[in-house]
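The values are calculated or read from the model by the stated rules, or taken from the named source; none is laboratory data. Everything quoted here is computed from the prediction, not taken from an experiment. So basically every Cβ, Gly included, is an ideal-geometry build from the backbone, and we count neighbours across all protein chains shown.
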Amino acid sequence: MAATEIDVKYVAHLARLSLTAEEERTFGAQLGQVIHYIAKLSELDVTGIEPTAHAVPLVNVLRADEVRPGLSNEEALRNAPAAANGLFMMPKIVE
Amino acid sequence: MLHYLTLAELTARLGRREVSARQAMQACLDRMSKVEPRIHAFISADAPDALAQADAADRALAAGVTHAQQPLLGVPIAVKDVIAVRGQPLNCGSKILGRFVSPYDATVVERLKAAGAVVFGRLNMDEFAMGSSTENSAFGPTRNPWDLSRIPGGSSGGSAAAVAAGECFAALGSDTGGSIRQPAAFCGCVGLKPTYGRVSRYGLVAYASSLDQIGPMARTVADAATVLGVISGHDSRDSTSAPEPAPDYAAALDGGIRGLKLGLPKEYLVGGLDPRVKSALESAVRQLEALGAEVVEISLPHTEYAIASYYIIATAEASANLARFDGVRYGARVEGPDPIQLYCRTRGAGFGSEVKRRIILGAYVLSSGYYDAYYLRAQKVRTLIRRDFLNAFQQVDAIVTPPAPTPAFRVGEKADDPMQMYLSDIFTISCNLAGICGLSVPCGFAAAEPAGAGQAGAQLPLGLQILGRPFGEAAILRAAHAYQQSTAWHKQTPPC
């Protein structure tokens, strides 16, 4: 596989996205271009450069471990696509 | 023309009881009835709730509450559809959230309400803030009030268009790679992206967590400063929010810019820059010099790597953040025989093309074998970009650039070419990577090209971007205010 190609079907599965055949083709071509472009970063020598995860780094931000009110069960379920008995409903996971 | 008062003029009249909060809110609703069929800045608005809030503000005013106590008392302010307002819909411009209703207020909304604002409306945006034109909204595009054949910019295109068209007195947007500054420039209003950590993001739906910030959009610099003063400051519910106390931005506006040293980065004045944008920038620089600023050329040598670095980091973070939209706990669901198929079908049906592309790209750059080559390298390049700015700020107090290489482009012009759309972000992206602050202030108009489908003789707004040191919002607001006080660009209103 050339450096600018991307196995869209495989990566989409990793990301839990079902795509149409049309989307696979279009995204493959479009993302191929983008990946070709971002390879530009290989021009730079980054030896010895530390990565930046956050531009304004704050570390070990702590708060008091106190019980505080959160969403009620009813509020937490209000936007659920399916709920019963105070729980989210899902297809069966284990037979 | 109540709807075109500035926020400062409105609060003065509210304070003198010459106008009521209900009249101000009604003026926005009337204006919306008139222009929304063409502009579509709003996804929805709850008029009865807005008028009830306005009535409450009128009762407070009648009881003697002043704007010194509540700086936004009775002021209608609209919110981008990515920020939670209790009891109101939240869709992020997407289908995937279905009929989601926010169970709580974002901190910024809580602060607006505490300051007396009438918080209303869900402003249109590119889906999950991914885009530069507001064409990626599942609710249809927003049009530019200055030329309906053009995009308003994005992703906060609804916010910019609503402010420019007089549908609200200020708005909140969010900016991950330019999403406040670029639409502000394209619609002729003021937009400010605060320093990373300046404004709490509790209640902001995350796109790229190391880059996202909420910021104000308004018709004047002074109005943006007032709103910023209300929403900024530490919040224990956002662990990335900075502990530094927020200064009084509105009080810091005056004083002028005599002796201020401004840098003009040479890397921003090369190929691809529209001559109309270049000439407006040059005029603005001359004006700033006339006001007493010293302008010197500087270098930000890693500018050309910003887009590549951004589209790796932002998409990687997005692929992780958007994993939560799986049809289980909230939003729309497409059923499947097992959980995996339920996730895949829900996400396949619920997300639009640009969101899918970015999730796929983000998952790809994080995947085994590519992590070091893409994500880790992009984070190292981010260090170099940040260093460029910190070095520049040793020589200058602020940096002036165009916010975008062109004026607003046409609807559809870049919609099918993601790479061209990404390249249009070249001048705004570095600011987010470096975590500094920046704003766009109106600095002129470009005559629309006569060819094509544009409105004959349309005037397209142009912006001046001013970038400042981390937590240097007061300085860039002061520079922009001095510039704005000496120009009249912001006094023009669109023909819509």
Any chance A:Leu41 is surrounded by 11 or more Cβ atoms within 10 Å (Cβ to Cβ), closer than 28 Å to B:Tyr343 by Cβ and at the interface with another protein chain (Cβ under 10 Å from one of its Cβ atoms): no
Filtered residues of region A:12-34 (kept if β-branched (Val, Ile, Thr) and crowded, with 21+ Cβ neighbours inside 10 Å): A:Val34
Qualifying positions in region B:226-273 - surrounded by fewer than 17 Cβ atoms within 10 Å (Cβ to Cβ), within 26 Å of B:Phe169 (Cα to Cα) and aliphatic (A, V, I, L, M): B:Ala251, B:Ala252
Matching residues in region B:371-384 - criterion: being surrounded by 15 or more Cβ atoms within 10 Å (Cβ to Cβ) and either among the charged types (D, E, K, R) or in contact with a helix residue (DSSP H, G or I) (Cβ under 7 Å, 6 or more places away or on another chain) (or both): B:Tyr374, B:Tyr375, B:Arg377, B:Ala378, B:Gln379, B:Lys380, B:Val381, B:Arg382
Single unsatisfied condition, B:Val295 versus (1) over 23 Å from B:Thr176 (Cβ atoms); (2) assigned to a loop (DSSP other than H, G, I, E, B); (3) modelled with pLDDT of 95 or more: (2)
Residue within region A:64-72 that is surrounded by 13 or more Cβ atoms within 10 Å (Cβ to Cβ), within 9 Å of chain B (Cβ to nearest Cβ) and either closer than 21 Å to B:Leu97 by Cα or touching a helix residue (DSSP H, G or I) at 6+ places or on another chain (Cβ under 7 Å) (or both) present: no
Some residue of region B:323-330 being in a helix (DSSP H, G or I) and within 10 Å of chain A (Cβ to nearest Cβ): yes
Those residues of region A:44-63 which are more than 7 Å from every other protein chain (Cβ to nearest Cβ) and surrounded by 11 or more Cβ atoms within 10 Å (Cβ to Cβ), in sequence order: A:Pro57
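Could you tell me which of the residues A:Glu5, A:Glu22 is more than 30 Å from B:Asp238 (Cβ to Cβ), more than 7 Å from every other protein chain (Cβ to nearest Cβ) and touching a residue at least 12 places away in the same chain (Cβ under 8 Å)?
Values: A:Glu22 fails: touching a residue at least 12 places away in the same chain (Cβ under 8 Å).
After ruling out the rest, the residue left standing is A:Glu5.
Could you list, in sequence order, the residues of region B:97-106 that are within 14 Å of chain A (Cβ to nearest Cβ) and either within 21 Å of B:Phe169 (Cβ to Cβ) or within 19 Å of the chain's Cα centre (by Cα) (or both)?
The initial filter retains those residues of region B:97-106 that are within 14 Å of chain A (Cβ to nearest Cβ), namely B:97-105.
Answer for region B:97-106, where residues must be within 14 Å of chain A (Cβ to nearest Cβ) and either within 21 Å of B:Phe169 (Cβ to Cβ) or within 19 Å of the chain's Cα centre (by Cα) (or both): just B:Asp105.
Hand me the list of strands (runs of 3 or more DSSP E) wholly inside region B:147-250 holding 1 or more residues that are in contact (Cβ under 8 Å) with a residue 40 or more places away in the chain and polar (S, T, N, Q). Break it down stepwise before answering.
Numbers: elements: B:170-175, B:190-193, B:213-218.
By residue number, B:170-175, B:213-218.
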Every pair of residues 6+ apart whose Cβ atoms lie under 9 Å, when the first sits in region A:79-91 and is more than 10 Å from B:Arg333 (Cβ to Cβ) while the second is part of a strand (DSSP E or B): A:Asn79/B:Val101
Test: residue in region B:107-126 that is surrounded by fewer than 21 Cβ atoms within 10 Å (Cβ to Cβ), out of contact with any Leu (no Cβ under 8 Å at 6 or more places or on another chain) and either on the phi > 0 side of the Ramachandran plot or within 14 Å of chain A (Cβ to nearest Cβ) (or both): no
Within region B:282-334, tally of residues that are surrounded by 15 or more Cβ atoms within 10 Å (Cβ to Cβ), under 25 Å from the mean Cα position of the chain (by Cα) and among the aliphatic types (A, V, I, L, M): 14
Filter result for the condition that a residue is under 15 Å from the mean Cα position of the chain (by Cα) and under 24 Å from B:Ala415 (Cα atoms), over B:Ser132, B:Ser94, B:Ser137: B:Ser132
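Here is a yes/no grid of residues against (1) at pLDDT below 95; (2) assigned to a loop (DSSP other than H, G, I, E, B); (3) within 21 Å of the chain's Cα centre (by Cα):
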position: B:Ala8; (1), (2), (3): no, no, yes
position: B:Asp30; (1), (2), (3): no, no, no
position: B:Ala50; (1), (2), (3): no, no, no
position: B:Asp55; (1), (2), (3): no, no, no
position: B:Leu61; (1), (2), (3): no, no, no
position: B:Gln69; (1), (2), (3): no, yes, no
position: B:Leu72; (1), (2), (3): no, yes, yes
position: B:Gly87; (1), (2), (3): no, yes, no
position: B:Glu110; (1), (2), (3): no, no, yes
Count of region B:391-447 residues which are within 18 Å of B:Gly215 (Cα to Cα), more than 14 Å from every other protein chain (Cβ to nearest Cβ) and either in a strand (DSSP E or B) or free of Cβ contacts under 8 Å to residues at least 60 places away in the same chain (or both): 4
Selection from region B:333-369 of residues that are basic (Lys, Arg), facing another protein chain (nearest Cβ under 7 Å) and part of a helix (DSSP H, G or I): B:Arg345, B:Arg347, B:Lys356, B:Arg357
Number of the exception - B:Thr66 against (1) within 26 Å of B:Ala349 (Cβ to Cβ); (2) in contact with a helix residue (DSSP H, G or I) (Cβ under 9 Å, 6 or more places away or on another chain): (1)
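Does region B:141-162 hold any residues that are under 11 Å from B:Ala218 (Cα atoms) and either of a type in the set (Ser, Thr, Tyr) or touching a helix residue (DSSP H, G or I) at 6+ places or on another chain (Cβ under 7 Å) (or both), and which are they? Before the answer, list the steps.
Filtering region B:141-162 down to residues under 11 Å from B:Ala218 (Cα atoms) leaves B:159-162.
Passing the criteria: B:Ser159, B:Ala160, B:Ala161.
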Failed criterion for B:Ala115 (all others in (1) in contact with a Pro (Cβ under 6 Å, 6 or more places away or on another chain); (2) without any contact (Cβ under 8 Å) to a residue 60 or more places away in the chain hold): (2)
